[in-house]
Amino acid sequence: MNKTCIIYGSSTGTCEDLASRIANKLGVDAADVLGAADITSDQLANYQNLILGTSTWGAGELQDDWYDGVGVIKNTDLTGKVVAIFGCGDSESYSDTFCGGMAELYNAAKESGAKVVGEVSTEGYTYDDSEAVVDGKFMGLALDEVNEDDKSNDRIAAWIEQIKPEL
């Protein structure tokens, strides 16, 4: 596997925990798990693979730490890099914007030239709508630690097996 970092934005610690769990399963060193508020273009240049994670707030918005971080992604040439995205949300209370924050990360990575991998079928999820769904698939791994935490470990394991050959 090429050099990989995991970048997350987390207000309550949930997305940070998910980033750590994903890092452990992929064998990514803790030093390569970064907060979105602190990333720089120079840091991103050190990695071939970027795994980007966000929780979703309000009407499908990115977590606050990503406000500057998404600008860094947009202003960095990611041509030749592989990006995978994960998000966490609440499929019951925010059923109409479930994991929608992933869409902005996806769009930023694509605009910067990255190859985005790791789409996930919506089958088995309960929600009403999400900007992170295209053609029946999430743009990345959608997780709900509020209502479906019992499914998270299996979803993470399946997603990692899916993206690992691309990394």
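Throughout, read-outs are computed from the coordinates displayed, never taken from laboratory work. As the structure is a computational prediction, the values presented were derived from the model and not from experiment. Virtual Cβ from ideal backbone geometry, glycine too; neighbours counted across all protein chains shown.
I'd like the orientation of helix 101-111 relative to the chain: the angle between its Cα long axis and the longest Cα principal axis, in ° from 0 to 90, rounded to 10.
Relative to the chain, helix 101-111 is tipped by roughly 30 degrees.
Please list, by residue number, every one of the GluC sites (Glu not before Pro) in the stretch 107-167 that is coil in DSSP and has at most 13 other beta-carbon atoms within 10 Å.
Those that pass, being in a loop and sparsely packed, are 123.
In 5 Å bins starting at zero, report the fraction of Cα pairs in the chain per bin as a rounded %.
P(r) over the chain, rounded to whole percents: 2, 10, 21, 25, 23, 14, 6, 1.
Any chance you could give the angle, 0 to 90 degrees and rounded to 10, that helix 149-163 forms with the longest Cα principal axis of the chain?
Helix 149-163 sits roughly 40 degrees off the main axis of the chain.
Within the chain, count lysine pairs with alpha carbon atoms under 15 angstrom apart where the residues are 8 or more positions apart or belong to different chains.
Pairs that pass both the separation and distance tests number 10.
Name the residues whose placed amide hydrogens come within less than 5 Å of the amide hydrogen of residue 114, ignoring near sequence neighbours (fewer than 5 apart) on the same chain.
Amide H to amide H, under 5 Å and 5 or more residues apart or across chains, residue 114 pairs with 78.
If amide H atoms are built 1.01 Å from N in the plane of the peptide, which residues on other chains or at least 5 residues away come under 5 Å of the amide H of residue 84?
50, 51, 52, 117
State to the nearest 20 debye the size of the charge dipole of the chain about its Cα centre, where the only charges are +1 on K and R beta carbons and -1 on D and E beta carbons. Don't jump to the answer; show the numbers that get you there.
Numbers: 11 positive and 30 negative charges, 173 e Å.
It comes to approximately 820 debye.
Restricting attention to the alpha-carbon atoms of the stretch 30-109, what are Rg (one decimal) and Dmax (integer), both in Å?
Calculated on Cα positions, Rg and Dmax stand at 12.8, 39 Å.
For the chain, take the longest principal axis of its alpha carbons; what is the angle in degrees between that and the long axis of helix 14-26, to the nearest 10 within 0 to 90?
It is inclined by approximately 60 degrees.
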